[in-house]
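Presented below is the structure to which this report refers.
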Amino acid sequence: MKIAFVGKGGSGKTTLSSLFIRHLTANEAPVIAVDADINQHLGVALGLDEAEAAALPAMGAHLPLIKDYLRGSNPRIASADAMIKTTPPGEGSRLLRVSENNPVYEACARSLALDGGEIRLMATGPFAESDLGVACYHSKVGAVELCLNHLIDGPEEYVVVDMTAGSDSFASGMFTRFDLTFLVAEPTRKGVSVYRQYKEYARDFGVSLAVVGNKIQSEDDLDFLRTEVGDDLLIAVGHSDWVRAMEKGRPRPFDLLEADNRCALQTLQDAAEDSYERRDWERYTQQMVHFHLKNAQSWGNAKTGVDLAAQVDPAFVLNETLAVRQPS
């Protein structure tokens, strides 16, 4: 399953996504964790120190390698330079699988031992001072979007993406790349404002959305969220001494996480597994093509100097049966 965590800055989405990743790992699920947030805090939330987190390879820095590998022998793509972040796969493209080894993971992923298991951790890379005035952050996450477009995951495999804060992810089609999006909301008007934006866009594209209430201190907080988000509220999470110790740099074994929070994480996993039953590869592929054509017309054709609509393979539908069909 492809799972996204979104929410306004400071909502706790990175903390909750890291807890979910730990929970999945403790349950022996294969996991790729991706930090696609401009602030790049997921590595630290998963136990790395600041220096280790800063040393993670930036996916954006390896975009030429990613494009060249994913292009494969696809005859519709003249060169890797002609690929943009929304380029869809077609016959001859190389596809990524969660548990395989490939040049993209070798360059962009790092193995991280976690709670008796191991995950692959990937990061877009930070928005540097040198980017100011010459680039937008959405160009940084282009490598993530391209990889998601070419990634096949099964029912017991997870790709968990900590998204950029607020509604910025709607600047691209990446918000449609997930089986389920967990929106982390605090019990405040600002806390639910991002939910309203996401809900509107999600409705138009059939995006599955579930709200995770965070920083709940009272029944009044819970009533507020119930009133504001209704049936979209999946769970509510309060204070955690385990999380506070982690934030102080005093990590405890994950099995000491409070029982109610462990139950909450299991509820998230159950919801993720249910979302897999609703997966529609054909619609997923159509949405991929929709955003590619939109980007091609608005800026892609002018940037690359080619007609990017010609990259679309009308007979191709991404699905799990393609996982064994890789070009040499």
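The table below gives the values:
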| read-out | value |
| --- | --- |
| Selected residue (criterion: surrounded by the most Cβ atoms within 10 Å (Cβ to Cβ)) from residues of region 180-222 that are assigned to a helix (DSSP H, G or I) and touching a Pro at 6+ places or on another chain (Cβ under 9 Å) | 221 |
| Matching entry among 58, 36 (being surrounded by fewer than 23 Cβ atoms within 10 Å (Cβ to Cβ), within 16 Å of residue 163 (Cα to Cα) and of a type in the set (Gly, Ala, Ser)) | 58 |
| Yes/no for residue 65 being surrounded by fewer than 24 Cβ atoms within 10 Å (Cβ to Cβ), in contact (Cβ under 8 Å) with a residue 60 or more places away in the chain and over 30 Å from residue 278 (Cβ atoms) | no |
| Cross-chain or 6+ apart pairs with Cβ under 7 Å, region 86-107 first and at positive phi, then assigned to a loop (DSSP other than H, G, I, E, B) | 92/72; 92/73; 92/74; 92/75; 92/327 |
| Of the criteria (1) touching a Leu at 6+ places or on another chain (Cβ under 6 Å); (2) farther than 16 Å from residue 161 by Cβ, which one residue 113 fails | (1) |
| Spans of helices (runs of 4 or more DSSP H) in region 237-328 with at least 3 residues at pLDDT 90 or above, farther than 30 Å from residue 92 by Cα and open to solvent by 60 Å² or more (accessible area, probe 1.4 Å) | 259-276 |
| Residue match in region 231-253 (condition: in contact with a His (Cβ under 7 Å, 6 or more places away or on another chain) and under 30 Å from residue 113 (Cβ atoms)) | no |
| Residues of region 87-100 satisfying the condition of being closer than 26 Å to residue 76 by Cα and open to solvent by 10 Å² or more (accessible area, probe 1.4 Å) | 91, 92, 94, 97, 100 |
| Qualifying residue in region 70-79 (condition: in a helix (DSSP H, G or I), at pLDDT 95 or above and in contact with a helix residue (DSSP H, G or I) (Cβ under 9 Å, 6 or more places away or on another chain)) | yes |
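Residues are listed down the side, and each one gets a yes or a no for (1) closer than 23 Å to residue 283 by Cα; (2) open to solvent by 30 Å² or more (accessible area, probe 1.4 Å); (3) β-branched (Val, Ile, Thr); (4) at pLDDT 85 or above:
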site: 120; (1), (2), (3), (4): no, yes, no, yes
site: 147; (1), (2), (3), (4): yes, no, no, yes
site: 160; (1), (2), (3), (4): yes, no, yes, yes
site: 174; (1), (2), (3), (4): yes, no, no, yes
site: 178; (1), (2), (3), (4): yes, no, no, yes
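The values are calculated or read from the model by the stated rules, or taken from the named source; none is laboratory data. Because the structure is predicted, anything quoted here is derived from the model rather than measured. Cβ sites come from the backbone with ideal geometry, for glycine too, and all protein chains shown count toward neighbours. The area values use the complete protein model at the heavy-atom level, side chains included, leaving out ligands, DNA and RNA. Shrake-Rupley method; radii C 1.70, N 1.55, O 1.52, S 1.80 Å.
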